[in-house]
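Asks: I have a structure here, written as structure tokens, and I will follow up with some questions on it.
The values are calculated or read from the model by the stated rules, or taken from the named source; none is laboratory data. Since the model is a prediction, treat every value here as computed from it, not as a measurement. Ideal geometry is used to build each Cβ from the backbone, glycine not excepted, and the neighbour counts take in all protein chains shown. SASA here: full protein model, heavy atoms, side chains in, ligands and nucleic acids out. Shrake-Rupley method; radii C 1.70, N 1.55, O 1.52, S 1.80 Å.
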Amino acid sequence: MNSQILLKAVEADKDSHISLLQSFTQAPSPNRPGDTRAAANVLISYLHSLGITAEIIASQPHMSNIVSNFNFTTPGPRLIMNGHIDVFPANNGNDWARDPWSGNIANGRLHGRGTVDVKAGTAASAIAYSYPYRYREHLKGSLGLCAVSDEETGGKWGSKYLLEDERWRGDCKINAEPGGLGTILFAEKGTLRLTFVVRTEGAHGAYLHRSKSATKIAATLIEDLAVVEEIVPKLEPELDEYLRRGDVRGAINGAMGEGAADIVIKPTLNIGTIYGGLEVNMIPDKCVFEADIRLPTGLKADQVMEVIHGIVRRYPKATMEMQKAASNSAVACSHNHPMVKILARNTELVAGKRPLAILSIGATDCKFWRYNEVPAYVFGVSPQTMATRNESVSVDEFLAVVKTHVLAR
Ligand SMILES: [Zn+2]
């Protein structure tokens with residue numbers, strides 16, 4: 001299929017693409033609570049309007065996963081296009097300049113919660129899925145679309161659930177999570193989430209001879225835990241060399257902010273929550289805190305847990321538990337896969353610049369495909385306003401992502 005013919009067709013339909021993204025944004029799908037039915041209906045109606053069969057597979061009635069599939073006449077590889085329908089919450093939106101679900105377009109940007117993460121991307125995947133359908137007599141292999149719910153809260157009812165069915169694995173998977181037009185993401189960090197509880201006797205705040213303070217013990221324990229950031233991952237020499245390249249480091253910093261290239265290959269520790277004490281004049285008898293450790297490629301959770309167990313053993317008043325459902329290992333696929341070259345070539349054609357394959361700091365559903373040994377890549381809009389108040393996406397970037405994905409064959 002001639003790329004220029006396809007690009008012309010996409011350009012001629014651009015008003016319809018923008019209007020799909022607008023309606024999709026205007027159908028709130030905050031997770032939590034995660035009711036995505038209204039937004040899923042927007043996508044389903046779009047696909048049906050083009051004569052494409054799509055169905056909902058949902059293990060939770062309010063969390064719709066849309067799937068669609070077609071086989072071309074000539075056999076060949078199977079590509080899966082994937083995105084998520086659920087987005088971050090926006091609370092009551094009082095501190096937003098516009099209604100968080102407005103879908104307003106102003107100064108070349110479409111506004112609303114979840115436009116960047118990831119309604120622009122999911123709309124792009126659905127649109128990109130529809131073009132090969134229109135030109136199916138020219139193509140080979142097969143194509144699947146999975147627009148899932150429950151990405152923001154872990155994937156148990158979304159991609160992880162769908163992938164129990166081999167049909168949705170494919171030979172390669174792409175999605176349009178935010179990363180920016182300068183990058184293709186081929187790997188992501190893992191997560192290790194832990195809950196710590198420190199318990200002591202507690203006492204009147206003036207009677208320090210009576211009890212140790214749970215919050216003070218927690219503070220020392222947190223300082224000791226910082227040592228996990230010094231654990232060095234074992235990278236394959238070829239990957240290590242690739243990640244030291246100046247242009248690759250520049251692309252990582254450009255996409256995720258200055259400093260990202262340093263931490264993308266290191267473990268990091270964030271103490272996300274901490275609660276302790278009832279009153280200022282009481283010695284706290286309980287302190288609970290949660291640690292969010294991000295694991296780089298080449299570092300296994302077991303190695304980190306060994307270090308942490310060693311530390312916790314020195315604190316008889318403390319216990320620790322892993323949040324299993326929220327902990328996932330780091331996983332990478334090849335940065336030399338043909339799909340990387342295809343996406344890079346398409347971006348050059350569409351946006352005039354060639355993106356580089358990089359690792360991501362954040363997590364996406366790609367990990368579930370990679371755990372199944374299916375190469376999975378991300379190419380999407382800039383992450384700048386992702387999850388912020390007044391989130392908005394550049395309409396031009398959205399259309400560039402649509403085109404890049406349409407040509408990803
Ligand atoms: Zn996302």
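Asks: When you go through 39, 54 one by one, which is the residue that is open to solvent by less than 10 Å² (accessible area, probe 1.4 Å) and either touching a residue at least 40 places away in the same chain (Cβ under 8 Å) or of a type outside the set (A, V, I, L, M) (or both)?
Replies: Sole residue among the options that is open to solvent by less than 10 Å² (accessible area, probe 1.4 Å) and either touching a residue at least 40 places away in the same chain (Cβ under 8 Å) or of a type outside the set (A, V, I, L, M) (or both): 39.
Asks: So, one more: Among the residues in segment 112-121, are any among the polar types (S, T, N, Q), in a helix (DSSP H, G or I) and either within 16 Å of the ligand (Cβ to nearest atom) or closer than 14 Å to residue 389 by Cα (or both)?
Replies: yes
Asks: Of all strands (runs of 3 or more DSSP E) completely enclosed by segment 226-339, which ones contain at least 3 residues that are open to solvent by less than 70 Å² (accessible area, probe 1.4 Å) and within 28 Å of residue 152 (Cα to Cα)?
Replies: Fully inside segment 226-339 and qualifying: 268-276, 286-295.
Asks: How about segment 140-168: which of its residues are outside any helix (DSSP H, G or I), among the charged types (D, E, K, R) and surrounded by fewer than 19 Cβ atoms within 10 Å (Cβ to Cβ)?
Replies: 140, 156, 164, 165
Asks: Name every residue in segment 106-118 that is in contact with a helix residue (DSSP H, G or I) (Cβ under 6 Å, 6 or more places away or on another chain) and among the small types (Gly, Ala, Ser), in order of residue number.
Replies: Answer for segment 106-118, where residues must be in contact with a helix residue (DSSP H, G or I) (Cβ under 6 Å, 6 or more places away or on another chain) and among the small types (Gly, Ala, Ser): 108, 112.
Asks: Then there's this: Select from segment 364-409 the residues that are among the hydroxyl-bearing types (Ser, Thr, Tyr) and touching a residue at least 40 places away in the same chain (Cβ under 8 Å) and write down the one among them that is most open to solvent (accessible area, probe 1.4 Å).
Replies: So the residue we want is 371.
Asks: Among the residues of segment 122-139 satisfying the criterion of being in a helix (DSSP H, G or I) and more than 22 Å from residue 399 (Cβ to Cβ), which is nearest to the ligand (Cβ to nearest atom)?
Replies: 136
Asks: Taking segment 163-183 only, how many residues are hydrophobic (A, V, I, L, M, F, W, C) and either touching an Asp or Glu at 6+ places or on another chain (Cβ under 7 Å) or within 16 Å of the ligand (Cβ to nearest atom) (or both)?
Replies: The total comes to 3.
Asks: From (1) away from the ligand (no atom under 15 Å from the Cβ); (2) farther than 30 Å from residue 309 by Cβ; (3) in a loop (DSSP other than H, G, I, E, B), pick out the condition that doesn't hold for residue 201.
Replies: (2)
Asks: Which ones in segment 343-361 are within 16 Å of the ligand (Cβ to nearest atom), open to solvent by less than 30 Å² (accessible area, probe 1.4 Å) and in a loop (DSSP other than H, G, I, E, B)?
Replies: none
Asks: Sticking with this structure for a sec: Kindly list the number of the only condition in (1) touching a strand residue (DSSP E or B) at 6+ places or on another chain (Cβ under 6 Å); (2) closer than 15 Å to residue 159 by Cα that fails for residue 29.
Replies: Result: residue 29 passes all but (2).
Asks: Condition check: more than 16 Å from the ligand (Cβ to nearest atom), of a type outside the set (Gly, Ala, Ser), open to solvent by 10 Å² or more (accessible area, probe 1.4 Å) and at pLDDT 95 or above. Does residue 26 satisfy that?
Replies: yes
Asks: Quick one: residue 87 ticks every box in (1) within 16 Å of the ligand (Cβ to nearest atom); (2) out of contact with any Pro (no Cβ under 8 Å at 6 or more places or on another chain); (3) at pLDDT 95 or above except a single one, so which number is it?
Replies: Among (1) within 16 Å of the ligand (Cβ to nearest atom); (2) out of contact with any Pro (no Cβ under 8 Å at 6 or more places or on another chain); (3) at pLDDT 95 or above, residue 87 violates only (2).
Asks: Regarding segment 92-107, can at least one residue be identified that is of a type outside the set (Phe, Trp, Tyr), open to solvent by 10 Å² or more (accessible area, probe 1.4 Å) and within 16 Å of the ligand (Cβ to nearest atom)?
Replies: Within segment 92-107 (the criterion being of a type outside the set (Phe, Trp, Tyr), open to solvent by 10 Å² or more (accessible area, probe 1.4 Å) and within 16 Å of the ligand (Cβ to nearest atom)), the answer is no, since none of the residues qualifies.
Asks: So, in segment 150-162, how many residues would count as being away from the ligand (no atom under 15 Å from the Cβ) and closer than 13 Å to residue 369 by Cα?
Replies: Counting residues in segment 150-162 that are away from the ligand (no atom under 15 Å from the Cβ) and closer than 13 Å to residue 369 by Cα gives 2.
Asks: Residue check, residue 109 against (1) farther than 29 Å from residue 335 by Cβ; (2) out of contact with any Ser or Thr (no Cβ under 7 Å at 6 or more places or on another chain); (3) at pLDDT 95 or above, all met but one. Which one?
Replies: (2)
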